[in-house]
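Trainee: Mind having a look at this structure? Questions to follow.
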Amino acid sequence: MNEKQRLESQQAKQQTSFQKQEKDYSQYFQTVYMPPSLKDARKRGREEIEYHKDFEIPDELREIGQGRKFYIRTYGCQMNEHDTEVMAGIFMELGYRHTETIEDADVILLNTCAIRENAENKVFGELGHLKPLKLEKPDLLIGVCGCMSQEESVVNRILQKHHFVDMIFGTHNIHRLPQILNEAYMSKEMVIEVWSKEGDIIENLPKVRMGNIKAWVNIMYGCDKFCTYCIVPYTRGKERSRRPEDIIQEVRQLAAQGYKEITLLGQNVNAYGKDFDDMEYGLGDLMDDLRKVDIPRIRFTTSHPRDFDDRLIEVLAKKGNLVEHIHLPVQSGSSDILKIMGRVYTREQFLELVRKIKAAIPDVALSTDIIVGFPNETDEQFEETLSLYREVGFETAYTFIYSPREGTPAARMKDNVSMEVKKERLQRLNQLVNEFSAKAMKKYEGQIVEVLVEGESKTNPDILSGYTRKNKLVNFKGPKSAIGQLVHVKINEAKTWTLDGVMVEEREAVEVNCNG
Ligand code: SAH
Ligand code: SF4
Ligand code: F3S
């Protein structure tokens with residue numbers, strides 16, 4: 001299918017869902033109007049995944065950025081950060097220049113996140129701030145993209161209350177940025193292009209990476225897990241994996257350019273390869289192949305416990321450039337809650353997985369994500385989360401109060417837990433998380449660790465900072481020439497979240513057992 005046919009087929013699909021909507025917003029648009037549909041986003045088609053290498057900037061659009069500057073504000077996860085790098089790449093190919101100053105920009109994009117209500121509130125707050133800027137500079141283009149654009153309710157709210165927005169486009173429409181910008185310049189109406197269902201992978205999109213030390217590499221897109229609380233499967237489409245040869249080539253190129261650390265990205269990286277019907281090749285196989293690439297560190301995020309198989313554990317145990325840190329979101333310690341969350345594992349199965357990982361990689365550092373206050377969570381069930389945390393001995397965690405997301409099954413559940421109780425639970429959990437983090441950090445005192453130096457510390461230019469293999473932030477005294485390098489640091493003092501130390505010579509590091 002070529003680009004035009006693809007667009008027409010999407011248009012046809014979208015048209016039906018649009019006709020079903022009650023309100024008619026047609027007064028606000030005349031050009032492209034393809035709104036999202038959560039119902040369509042839920043469907044998982046059987047159609048083949050198509051790989052495209054045909055991204056091209058049309059000749060007539062090559063100059064549209066001349067003399068103009070773009071600004072992108074990114075919310076949400078690494079996936080969104082990486083999408084911003086792609087959009088920045090497209091802007092640059094269109095002749096735009098980048099600016100960090102919002103007032104200087106001719107195009108402002110908000111690359112949004114829909115994971116929790118407060119993420120969405122931040123974006124609506126920011127839109128409020130942008131309105132006066134738009135009134136002052138009518139030629140300014142304001143666009144909303146990312147996961148929130150995939151939600152019908154968000155698009156409707158923008159149509160009703162934020163008429164000054166010029167463009168809304170979805171996570172599957174990033175490669176259409178040149179055409180969307182062009183439409184927005186040509187038309188006085190809001191341009192909306194959000195495909196709800198997309199199974200394609202476009203390989204040759206340009207990218208401007210944010211750093212030159214660490215890089216993100218997508219290995220797959222989308223999520224088919226449909227955990228009952230989560231909006232991601234609706235906003236990111238179905239699971240689809242990039243071909244291994246494309247990933248390996250990208251990592252090799254990054255290594256050749258001098259990058260020192262790669263994070264492989266996917267919402268559920270353990271499902272990597274399940275969609276290949278021509279070969280048996282999973283995340284373990286990919287990691288085993290990437291292990292041979294000459295780059296010091298490779299991480300991945302995020303793994304789902306359900307598909308974490310023995311092959312992957314066996315490969316990670318070979319270490320080398322595969323770091324001994326695994327982020328393994330558990331969400332809850334109660335099997336009953338896990339069942340209603342649709343996580344498809346029990347507390348016992350999770351603990352068994354942790355046991356296997358620790359047996360294969362004894363010095364592994366585990367971190368996790370936890371949701372408290374899921375509908376009807378009892379005190380006992382919450383206590384089970386605390387006890388699981390202790391039993392696993394996670395070194396750190398991201399913790400959240402459950403936030404209902406429109407269109408997800410959990411949002412329709414009755415909930416008898418008050419916000420006060422949810423907040424108390426979060427506080428108790430956070431105390432435990434802090435305690436365990438402090439304990440994990442304390443062990444580093446007196447040890448020598450390998451640090452990938454990222455730059456000067458944010459608060460003191462005389463101090464450098466970087467991360468260990470286990471992702472601990474280290475602040476230390478050292479020469480500026482160490483930036484971008486792997487160095488050894490002796491830890492003098494451990495704080496709850498960071499380590500302080502001094503750089504040591506390679507020789508000294510080899511003599512002491514280097515930990516990281
Ligand atoms: N794909 C990842 C998660 C991405 S979202 C995974 O499955 O591990 C990051 C985290 O946000 C989730 O792990 C979960 O803890 C949290 N989260 C997702 N939806 C949420 C919701 N509706 N309310 C509160 N937290 C949520
Ligand atoms: Fe959301 Fe679950 Fe998919 Fe993670 S695995 S993105 S929590 S649906
Ligand atoms: Fe947010 Fe979308 Fe990522 S909802 S967490 S930006 S996939």
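Trainee: Picking from Lys439, Lys422, which residue would you name as being loosely packed, with under 14 Cβ neighbours inside 10 Å and out of contact with any Lys or Arg (no Cβ under 8 Å at 6 or more places or on another chain)?
Mentor: Residue meeting the stated conditions: Lys439.
Trainee: Name the residues in the range 224-238 that are of a type in the set (Val, Ile, Thr) and buried (at least 22 other Cβ atoms within 10 Å of the Cβ), would you?
Mentor: Ile231, Val232, Thr235
Trainee: Now for a separate question. Thr368 passes all but one of (1) in contact with a Pro (Cβ under 6 Å, 6 or more places away or on another chain); (2) in a helix (DSSP H, G or I); (3) surrounded by 22 or more Cβ atoms within 10 Å (Cβ to Cβ); which number fails?
Mentor: Only one criterion is unmet by Thr368, namely (2).
Trainee: Next question, about the same structure. Would you say Asp285 is touching a strand residue (DSSP E or B) at 6+ places or on another chain (Cβ under 7 Å), surrounded by fewer than 18 Cβ atoms within 10 Å (Cβ to Cβ) and under 26 Å from Val232 (Cβ atoms)?
Mentor: Considered against the rule, which asks whether it is touching a strand residue (DSSP E or B) at 6+ places or on another chain (Cβ under 7 Å), surrounded by fewer than 18 Cβ atoms within 10 Å (Cβ to Cβ) and under 26 Å from Val232 (Cβ atoms), Asp285 comes out as no.
Trainee: While we're on this one: Within the range 47-64, how many residues are free of Cβ contacts under 8 Å to residues at least 40 places away in the same chain and assigned to a loop (DSSP other than H, G, I, E, B)?
Mentor: Of the residues in the range 47-64, 3 are free of Cβ contacts under 8 Å to residues at least 40 places away in the same chain and assigned to a loop (DSSP other than H, G, I, E, B).
Trainee: Do we find that Gln267 is closer than 19 Å to Ile49 by Cβ and modelled with pLDDT under 95 in this structure?
Mentor: yes
Trainee: From Ile168, Ile219, grab the single residue that is modelled with pLDDT of 95 or more, under 24 Å from Ala41 (Cα atoms) and touching a Phe, Trp or Tyr at 6+ places or on another chain (Cβ under 6 Å).
Mentor: The conditions single out Ile219.
Trainee: Quick one: which residue in Gly125, Gly143 is buried (at least 19 other Cβ atoms within 10 Å of the Cβ) and away from ligand 3 (no atom under 15 Å from the Cβ)? Spell out the reasoning first.
Mentor: Details: Gly125 fails: buried (at least 19 other Cβ atoms within 10 Å of the Cβ).
So the residue among Gly125, Gly143 that is buried (at least 19 other Cβ atoms within 10 Å of the Cβ) and away from ligand 3 (no atom under 15 Å from the Cβ) is Gly143.
Trainee: Something else about it: Gly501 - would you say it is of a type outside the set (Val, Ile, Thr), in a strand (DSSP E or B) and at positive phi? It would help to see each step written out before you state the result.
Mentor: Details: of a type outside the set (Val, Ile, Thr): yes; in a strand (DSSP E or B): yes; at positive phi: no.
So Gly501 fails the test.
Trainee: Hey, can you tell me all the residues within the range 387-419 that are buried (at least 18 other Cβ atoms within 10 Å of the Cβ), part of a helix (DSSP H, G or I) and not hydroxyl-bearing (Ser, Thr, Tyr)?
Mentor: Hits for the range 387-419 are Leu388, Val392, Ala410.
Trainee: Can you find even one residue in the range 183-200 that is assigned to a helix (DSSP H, G or I) and within 16 Å of ligand 1 (Cβ to nearest atom)? Break it down stepwise before answering.
Mentor: Residues of the range 183-200 assigned to a helix (DSSP H, G or I): 183-186.
Narrowing further to those that are within 16 Å of ligand 1 (Cβ to nearest atom): none.
No, the conditions are met nowhere in the range 183-200.
Trainee: Moving on. Among the listed residues Lys458, Lys414, Lys422, which satisfies the condition of being more than 30 Å from Gln150 (Cβ to Cβ) and without any contact (Cβ under 8 Å) to a residue 60 or more places away in the chain?
Mentor: Result: Lys458 is the single residue among Lys458, Lys414, Lys422 that is more than 30 Å from Gln150 (Cβ to Cβ) and without any contact (Cβ under 8 Å) to a residue 60 or more places away in the chain.
Trainee: Same structure again: Residues of the range 220-267 being among the polar types (S, T, N, Q) and within 11 Å of ligand 1 (Cβ to nearest atom), which ones?
Mentor: Answer for the range 220-267, where residues must be among the polar types (S, T, N, Q) and within 11 Å of ligand 1 (Cβ to nearest atom): Thr228, Thr235, Gln267.
Trainee: Okay, next question. Please specify each residue of the range 192-223 satisfying the condition of being under 20 Å from Pro305 (Cα atoms) and more than 14 Å from ligand 3 (Cβ to nearest atom).
Mentor: Matches in the range 192-223: Ile219 only.
The values are calculated or read from the model by the stated rules, or taken from the named source; none is laboratory data. Quantities reported herein were computed from a predicted structural model and do not represent experimental measurements. All Cβ positions, even for glycine, are placed from backbone atoms using ideal geometry, and neighbour counts span all protein chains on display.
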